[in-house]
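Contents: one structure, followed by commentary.
The values are calculated or read from the model by the stated rules, or taken from the named source; none is laboratory data. Just so it is clear, the structure is predicted and the values come from calculations on it, not from any experiment. So basically every Cβ, Gly included, is an ideal-geometry build from the backbone, and we count neighbours across all protein chains shown. The accessibility values were calculated without ligands, DNA or RNA, using every heavy atom of the protein model including side chains. Shrake-Rupley method; radii C 1.70, N 1.55, O 1.52, S 1.80 Å.
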Amino acid sequence: MPSPNQHEDLAQAVLQSVELGAYPESEHVASAELPPEGLSVLLEAVGEARDEVKAEIRSLSRGAAPDIDGWIVQAKQLQADIQRSRVTANEIVRQAQSGEELRAQVDDAESKVALLQGEMAFNESLTATLEHMRTVSSILDTAQEAAVEDQIILALERLAEADKAMRCLDAFEESRFAGILQDRASQFRSALEEIVIECWNAIVKVDPTDHKITIKGETQRSLTIKVETIVEAMSTLGTFDKALDRLLSDFNAIIIKPRLAVSKHRALHSVSIAGDVIQTNGHQEDLSNKTALEDTQKIIDYISTRLPPDVAVALSEKLMPALEGLLISAWLEPSVPSSLEGVEDFQQLLDRVQKITDYVADVEWTGGNKLLEWVDQAPRAWLAKRKEVALSAIRRACAKGVIGRRTAERVETQVISKEDPIIATDQEQNEEWDADWEEERGAEASQNAEISPAKHESDSADADDVADASAWGMEDEDADTEVNPPKETNGGANTTNEDEGDAWDNWGDEQPSKEQAVKQASLTASELGDTTDKHKVNGTFEHKVTLKETYTVTAIPEGIMDLISVVVSDGIALTQPNYSESAIAPAAAGLYSIPSLLLAMYRATTTHYCDTVVAGNMYVYNDCLHLAEQLHTFIGKQREKDAESDLTQSLRPSSRLRLDADIKHLESFGKRAYGKEMESQRTILRDLLDGAQGFANCTVPPFAGECDSAVAITVDRVREVHRQWFDVLSRSALLQSLGSLVSTLAEKIIADVKDMSDIAEEESKKLRGYCNQVSKLSDLFLQDSPDGQEARDMTAVYTPDWFRFQYLSEILDSSLADIKFMWLEGGLQLEFGAEEIVELIEALFAESLRRYALSSLVNSLLDTPRPVPFEFLINGQFLRTSIDDFLTANGISAEAQLDVEYVRALVPPVHVTSFEQDAWVSSVDVLSRSSEAVAWARGGESPMAGQERILAGGYDGLFRVWSMSSDVLATSASAGEGGHTAAIKSVKWLAPSKLVTGSLDRTIRLWNYSESGGETSPTLTPTLELYGHKSGIDSVAVDTPSSRILSASGDNSIGLWSTQKYDAPEAPKNLLPSASAIANKRRKLNKTSSRTVPQRGPLSLLSAHTAPVSSAIFNPNDPTVAYSASWDHTLRTWDLPTSTLVDTRTTSHPLLSLAAMPGVNLLATGTSARHITLIDPRASATTVAAMTLRGHNNAVVDLAVDPRSPCGLVSASHDGTSRIWDIRSVRTRGVGEGGVQGQIGESVYVIEREARAGKEGKRIVAGDGVKVFGVCWDRDVGIVSVGEDKKVQINRGEGLGAGLIEGGR
């Protein structure tokens, strides 16, 4: 229990806390409790403290009381002051309010004064305006009175005054009274216009019916009104220009055009003037330009005398340009003579035109400048007419002359010394040749080239140019890259001493080898030359030899020379005194430019005309050379004539005729025509020989037949060209040209043989036979001897590679010892390099096993009844070389164990048949015993052999079912009968009696196909229409067991569909034909039965592609998986049950087609980059592209797999071919081929379109006209392809799969 002291301490702590806010310092006090008995002590302490505070307050109050009283007094005083201030302020406010009222009264008084002043001003203004309006009204009254009295000018003046007065109404101009006055003035103006027009029509009367116009000087009303008055009034009223235009139009239609406008459909009328009347009537008998100009002057005189001068001048500004143009185009230009005949009449015409222009100036008319300009330009007009006539004549000359033939002779005289090979004795020649042979044997190839530049050099880019070395000595100074044809010399021209040393070099090859020179010299001296004037100069005997040859030209050069002769004759005539004063004399210099125009026109048109004849380019070549010779001769003769002329040098025709450049262009044009023909023939020969396919397997049928045919056709082509050119070219030019073609043929054969790495003995004999066939062409180069000796073979002279070709022929049928002898003793090393000979020996005599030897070995082991060609695979790769080369190329040890597999060689597919449709064929599918549609039929009937069916879809919106006998069994309904309304892009057999089609009309349709037998034709019945795509459908794929269809569309989506209508959802309403007004109309016009085809929608639309989808297919091993290829460069994998995108593979190019190769777990995709990319779709694949197949020259748009081989594939391309591939046929990728370094596939065979069969010329790279759109490969039918040529083409490898042997290890 706390003690009393503790209670006091607690009480003191509470008081200190209340008064001072202090906290007890004693821990004991702070933590003590306040018991009830301590409250009395606390209350006592609080009471004592209260009493102390009260006492203190009283003490303070007593001390501060006086101050508080003072403060209260001051506050009362301040309150009184505030009250007084409030009273004063109220007084001030009252006084201020009294002043504002006074000011408002003043302002009100001022506004009343201003209002009264405005009223007074308005009244004054209104009074003045009313007076002004009264004045205007009075003026209008006066004007009306003047109009009534026919005082038109006065009425117009008063009307002008009224208008001016009304413009002064200012603010009242928009008032109602002003509007009344303005309406009155406007009505009066209209009335005046009617009066004036009535007067004008009375003065100028136009009668179109009688073709006459009357112009009077005045008209009679209440007063006589002059035409000047009417014109002035019309000018014031602003109607003068309109009236003048109407008068001009009437004059043109009634007077000028009937008289001067020449037309084939109407006759000209004569012009007559009687008083005030001018009229056209009757037919103008005199159609001379003299009469036309006289009548023109009459018309001008009539107008100028009948109308006031200012009116006539105004009319002339519009009349004269049209009149001058009509005169010039219809009368003056046709009167320009086209020759010197008629020049006198032309001069008189110019004088008459000058008189008309003078008369126009006298009457002060505007115009005549065009006529003056035409007179001044008369020489130019005459020259232009000459040029026009000359160009027309050259076209006629080309058209008619191309069918005419002329024999041209070329003569050249050469001076030849005894040192020249042409006259050296045989002993001298042989000694000189033997000496040079000993000196130069073993020299380098470059030195040999200097001896014989015309000799073939392996892989030379200039082989064709050397082969076309000119035979006539004409050099093309204008073109650096042109092919040089046989050269021509200027026949009949005497060579100068400077040219004599080179003249013979220009006859024949540019620089023949010594052996060729000897033979050429023998040809020239014995048959072409007449040796005369033997003499000795500086101890050397010289002979003058005349060389002659003939060739054939058309009649065109003769016609051109006749035209040029006439032009030059006219130019000479214009320089004579009798034409010195003629107006066309200044055109004499311009005449000499016409020959250049004629030659230019000839170059521009002759090819068109010569293309219609055989050997047209050669005729162009001969014509150009002959024409150049004729021009040289013509200029030379003209120069001789000018030497005796009195004309100055600048006026002489030989100086003015600058034809050197034109002759060079002419020669160059001829050489280009020759080069074009030669290149065309070379291309044909190369393409024909390409049919031998490089002579590979030339002993294996059917290759052997192809090779035999290619060589025979090529040789026949050369002979045909010889027949065509024989009567056209000169003998030397013919031999030179044929030599170039034979050289091309020899080069091609040599190159193909050199490319063969393995030449079996039978192949060698076959190749030797081909060489012998070509060698028989030497009979085209036989040269008769004038002394009755045996004809000489000049083939080697004109064919640069002939010796090389002959050596190759010998090598093919020689032993190693024979080849060695030819190399050491026979001159073989002059034609072939050591490396080339080594390669040929390796190909002919290699000790390693070759494919042919391996094939023979397998045939003997299997004891086949007849030889069967085999291909061999080593470690899964085709053997294309010897085993040694294969091991070396692949880095395999010779002791390693090899896995060698033999397979039957794929025989080249031959053309079986073609079916032609009415439009492009887009897609194809085959129904046969081996097709998937039959396998899916679950025991249904399958077609018998020979009863296969081909389904082909076309761009005409129809598909057809074909039999193998080329019969159309059934054709689908047209658009108007319920069929597709756009091109069909894809067709597939679902079963032998069911098929599906996809079209650009965005629909997929299912059809029943029935062959009931008997006389009833097969029928096609639509069973289901599928809608869902918003763009055309490019391809469809089917899986009959699962009743599913895949579609690829241009709307970037893939559609999954059911073939069962009960299993498919409803079709989208907005995509049905009923949603289209056009479709409704088409449906109403449909006259077929009203049977409805069920319409269904897709099970799902797969959307992930960002560009059109080109193809979609099922996984052959799992139909719940699909693949799609798109223009967005991607290949995508889909899970169909969940409609989920599983995988995406991105390539470098748009993908256009897709096919699965399940045997090798690859997908083949055709690209726009012209190749095929093989893609491994499995997730474990580390790269996108497993392999690339190259060979096409355009986009690859369809693919089909080999039904017999897991590695086979056929492709369709827009380059016009289908290619067969075996992915085991590979080669190493070249450095310049792009892509990752490695192996790329090559096509095994190329199938051309039958539409191109037998056509000469290069293959069309772009495939224009023969693009292949679709392909299908069937085990029984073969390869079926369709395309732009509207044909369904079937190719089949004969014997493919036949026999007992398929392959083994």
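Worth a mention:
- Any hit, segment 760-778, residues being modelled with pLDDT under 90, within 43 Å of the chain's Cα centre (by Cα) and in a helix (DSSP H, G or I): no
- Hits in segment 545-563 (condition: surrounded by fewer than 22 Cβ atoms within 10 Å (Cβ to Cβ) and in a helix (DSSP H, G or I)): Glu558, Gly559, Met561, Asp562, Leu563
- Search result, residues across segment 649-661 that are in a helix (DSSP H, G or I), open to solvent by less than 20 Å² (accessible area, probe 1.4 Å) and closer than 29 Å to Thr607 by Cα: none
- Being of a type in the set (Gly, Ala, Ser), crowded, with 18+ Cβ neighbours inside 10 Å and either under 57 Å from the mean Cα position of the chain (by Cα) or at pLDDT below 85 (or both) is a property that holds for Gly368.
- Among (1) modelled with pLDDT of 85 or more; (2) out of contact with any Lys or Arg (no Cβ under 7 Å at 6 or more places or on another chain), the one test that Ile750 misses: (2)
The rows are residues; the columns are (1) modelled with pLDDT under 90; (2) among the small types (Gly, Ala, Ser).
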residue	(1), (2)
Ala661	no, yes
Gly670	no, yes
Gly691	yes, yes
Asn697	yes, no
Pro701	yes, no
Arg723	no, no
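- Only one of Glu916, Glu932, Glu901, Glu895 that is open to solvent by 30 Å² or more (accessible area, probe 1.4 Å) and in contact with a Leu (Cβ under 6 Å, 6 or more places away or on another chain): Glu901
- Ala381 in a helix (DSSP H, G or I), within 36 Å of the chain's Cα centre (by Cα) and surrounded by 15 or more Cβ atoms within 10 Å (Cβ to Cβ): no
- Total residues in segment 987-1004, condition open to solvent by 10 Å² or more (accessible area, probe 1.4 Å) and closer than 22 Å to Leu927 by Cβ: 5
- Residue match in segment 784-793 (condition: in contact with a Phe, Trp or Tyr (Cβ under 7 Å, 6 or more places away or on another chain), open to solvent by 20 Å² or more (accessible area, probe 1.4 Å) and closer than 24 Å to Ile837 by Cβ): no
- Residue match in segment 673-692 (condition: outside any helix (DSSP H, G or I) and either open to solvent by less than 40 Å² (accessible area, probe 1.4 Å) or touching a strand residue (DSSP E or B) at 6+ places or on another chain (Cβ under 9 Å) (or both)): yes
- Test: Ile197 is assigned to a helix (DSSP H, G or I), more than 30 Å from Leu244 (Cβ to Cβ) and open to solvent by 50 Å² or more (accessible area, probe 1.4 Å): no
- Among residues of segment 354-374, those that are touching a residue at least 40 places away in the same chain (Cβ under 8 Å) and either assigned to a loop (DSSP other than H, G, I, E, B) or of a type in the set (A, V, I, L, M, F, W, C) (or both), counted: 10
- Among (1) touching a residue at least 24 places away in the same chain (Cβ under 8 Å); (2) over 30 Å from Leu591 (Cβ atoms) - the single one Asp662 does not satisfy: (2)
- In segment 1091-1112, the count of residues that are in a strand (DSSP E or B), more than 23 Å from Ala1067 (Cβ to Cβ) and among the polar types (S, T, N, Q) is one or more.
- Of all residue pairs spaced 6 or more apart or on separate chains, those with beta-carbon atoms under 8 Å, a first member in segment 377-398 that is closer than 19 Å to Thr607 by Cα and a second member that is among the hydroxyl-bearing types (Ser, Thr, Tyr) and surrounded by fewer than 21 Cβ atoms within 10 Å (Cβ to Cβ) are Ile394/Thr605; Arg395/Thr605; Cys398/Thr605.
- When Asp210 is tested against (1) under 28 Å from Asp295 (Cα atoms); (2) among the charged types (D, E, K, R); (3) touching a residue at least 40 places away in the same chain (Cβ under 8 Å); (4) assigned to a helix (DSSP H, G or I), just one condition goes unmet, and that condition is (4).
- Positions within segment 1192-1201 being part of a loop (DSSP other than H, G, I, E, B) and open to solvent by 30 Å² or more (accessible area, probe 1.4 Å), in sequence order: Asn1193, Asn1194
- All positions within segment 600-648 that are open to solvent by 70 Å² or more (accessible area, probe 1.4 Å), among the hydrophobic types (A, V, I, L, M, F, W, C) and part of a helix (DSSP H, G or I): Ala604, Ala643
- Residues (open to solvent by 30 Å² or more (accessible area, probe 1.4 Å) and of a type outside the set (Val, Ile, Thr)) located in segment 904-913: Arg904, Leu906, His911
- Whenever a residue of segment 816-834 is at positive phi and open to solvent by less than 30 Å² (accessible area, probe 1.4 Å), its partners that are part of a helix (DSSP H, G or I) and modelled with pLDDT of 85 or more, lying with C-beta atoms within less than 9 angstrom and at least six residues away or across chains, give the pairs Gly827/Phe803; Gly827/Tyr807.
- Some residue of segment 801-808 being touching an Asp or Glu at 6+ places or on another chain (Cβ under 8 Å), at pLDDT below 80 and open to solvent by less than 20 Å² (accessible area, probe 1.4 Å): no
- Annotation note: of Leu1101, Leu1163, the sole residue that is touching a Ser or Thr at 6+ places or on another chain (Cβ under 6 Å), at pLDDT 90 or above and either surrounded by fewer than 19 Cβ atoms within 10 Å (Cβ to Cβ) or of a type in the set (A, V, I, L, M, F, W, C) (or both) is Leu1101.
- Of the strands (runs of 3 or more DSSP E) lying entirely inside segment 221-294, those containing at least 3 residues that are of a type outside the set (Phe, Trp, Tyr), over 55 Å from the mean Cα position of the chain (by Cα) and surrounded by fewer than 20 Cβ atoms within 10 Å (Cβ to Cβ) span 269-274, 277-283.
- Answer from Asp351, Asp310, Asp345 - the residue that is assigned to a helix (DSSP H, G or I), surrounded by fewer than 19 Cβ atoms within 10 Å (Cβ to Cβ) and at pLDDT below 85: Asp345
- Matching residues in segment 890-925 - criterion: being charged (D, E, K, R) and in a loop (DSSP other than H, G, I, E, B): Glu895, Asp899, Asp918
- Counted residues, segment 1134-1146 - those being crowded, with 18+ Cβ neighbours inside 10 Å and either in contact with a His (Cβ under 9 Å, 6 or more places away or on another chain) or farther than 26 Å from Ala1067 by Cα (or both): 1
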